[in-house]
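Q: Quick one: structure below, then a few questions.
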Amino acid sequence: MSIEPTIFSYKGHSDHVFAAAWSPDGISIASGSRDKTVRVWFASTGEDRCMYRGHASSLLSVTWSPDGKYIASGDTDGTIQIWEANTGKDVITYHGHKRFVRSIAWSPDGELIASGGDYGDSTVQVWEASSGNQVYTHTQQYRIFGVAWSLDGKRIVSGSFDGSVQSWDALTGSNVVIYRDHASPIYATTWSPNGASIGAGGEETTIQVWEAATRKSVCLYEGHSNAVKTLAWSPDSKYIASGGDDTTVQVWEATSGNIVMKYAGHSKWVRTVAWSPDGGYIASSSDEKVRVWQPFS
């Protein structure tokens with residue numbers, strides 16, 4: 001079923017938006033753009049709350065700290081900035097990556113950050129959020145497009161351009177487990193909020209869901225007609241929202257692959273999808289706009 005239940009479109013950016021994330025309390029959304037800014041705005045109205053101008057190049061990734069006080073944002077120069085969400089005040093600058101910080105994920109306890117480097121880097125780096133001190137570097141994949149933590153914070157998963165999805169011990173980088181059902185580039189990788197499943201999608205237009213512990217296939221979703229570039233689980237882990245180059249966002253059951261709805265409100269490729277903490281809304285971006293809409297009515 002294709003519907004367009006758009007609540008409103010946020011138009012604060014002047015160039016393409018590549019990343020968007022809801023605050024843990026669901027009140028605000030942070031969006032990062034090729035215009036070199038991160039804008040924080042109220043999810044219910046689109047009213048601006050804060051604008052961050054600390055980057056010298058295009059934004060690729062944005063994430064909130066678990067307590068909602070800070071935002072970490074990564075750019076094409078390989079720089080990650082941690083700053084205060086309310087004021088935009090700089091806290092830490094991390095320079096561990098060479099180029100293209102495509103993904104950033106905060107550990108559930110807020111102590112560590114995992115960041116993935118894309119073109120010209122190809123590392124996942126784990127570092128202390130409070131100091132910027134690097135803990136270790138994962139180097140077994142080529143061009144990292146997605147990084148996520150397990151619910152208990154004990155493992156990290158990442159997907160890469162070489163088609164591999166790998167998870168490993170979050171504190172040591174050891175005990176690597178490989179998921180091999182994809183043969184072409186992976187552009188999005190996610191860990192379900194309940195910690196049970198891992199999802200990944202990419203160039204093949206399909207999305208694979210596995211049991212995290214056993215690597216057993218749970219579901220293969222085949223609803224897209226072009227490359228999948230972004231994934232987001234619903235907070236209850238029952239659904240996945242996926243978007244990509246076919247300009248649609250599709251919501252489907254994570255265990256069966258049955259489609260629930262298709263959002264056709266975008267006219268260009270979709271690069272980011274984010275589910276609100278209460279599960280009632282989705283924010284997705286195509287071109288310079290971020291649309292907020294209801295997946296269920």
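Q: Would it be correct to say that VAL292 is over 24 Å from ALA200 (Cβ atoms) and under 17 Å from the mean Cα position of the chain (by Cα)?
A: yes
Q: Criterion first (out of contact with any Phe, Trp or Tyr (no Cβ under 8 Å at 6 or more places or on another chain) and more than 22 Å from HIS95 (Cβ to Cβ)) does ALA183 satisfy it?
A: yes
Q: Where the second residue is in a strand (DSSP E or B) and among the acidic types (Asp, Glu) and the first is under 25 Å from PHE145 (Cα atoms) and lies in the stretch 68-92, which pairs have Cβ atoms under 7 Å and are six or more apart or on separate chains?
A: From residues that are under 25 Å from PHE145 (Cα atoms), the pairs are TYR70/GLU84; GLN81/ASP90; TRP83/ASP90.
Q: Something else now. Tell me whether the stretch 56-63 contains one or more residues that are within 20 Å of the chain's Cα centre (by Cα), assigned to a loop (DSSP other than H, G, I, E, B) and more than 18 Å from ASP287 (Cβ to Cβ).
A: Yes, there is a match, as at least one residue in the stretch 56-63 is within 20 Å of the chain's Cα centre (by Cα), assigned to a loop (DSSP other than H, G, I, E, B) and more than 18 Å from ASP287 (Cβ to Cβ).
Q: Let me ask you something else. Out of (1) open to solvent by 10 Å² or more (accessible area, probe 1.4 Å); (2) modelled with pLDDT under 95, what's the single condition that is false for TYR136?
A: It is condition (2) that TYR136 fails.
Q: Same structure again: In the stretch 98-120, which residues are outside any strand (DSSP E or B), closer than 16 Å to PHE18 by Cβ and open to solvent by 10 Å² or more (accessible area, probe 1.4 Å)?
A: Result: ARG99, PHE100, TYR119.
Q: At pLDDT 95 or above and either closer than 20 Å to ILE29 by Cβ or assigned to a strand (DSSP E or B) (or both), is that true of ASP67?
A: In short, yes.
Q: Residues of the stretch 139-154 being in a strand (DSSP E or B) and either aromatic (Phe, Trp, Tyr) or surrounded by fewer than 21 Cβ atoms within 10 Å (Cβ to Cβ) (or both), which ones?
A: Within the stretch 139-154, PHE145, TRP149 qualify.
Q: Further question on the same structure: When the residues of the stretch 72-89 are narrowed to those that are within 18 Å of the chain's Cα centre (by Cα) and part of a strand (DSSP E or B), which ends up farthest from LEU60 (Cα to Cα)?
A: For the stretch 72-89, the residue satisfying everything is ILE82.
The values are calculated or read from the model by the stated rules, or taken from the named source; none is laboratory data. Everything quoted here is computed from the prediction, not taken from an experiment. With ideal geometry, Cβ positions are generated from the backbone for all residues, glycine too; neighbour counts draw on all protein chains shown. These area figures cover heavy atoms from the full protein model, side chains too; ligands, DNA and RNA do not enter into them. Shrake-Rupley method; radii C 1.70, N 1.55, O 1.52, S 1.80 Å.
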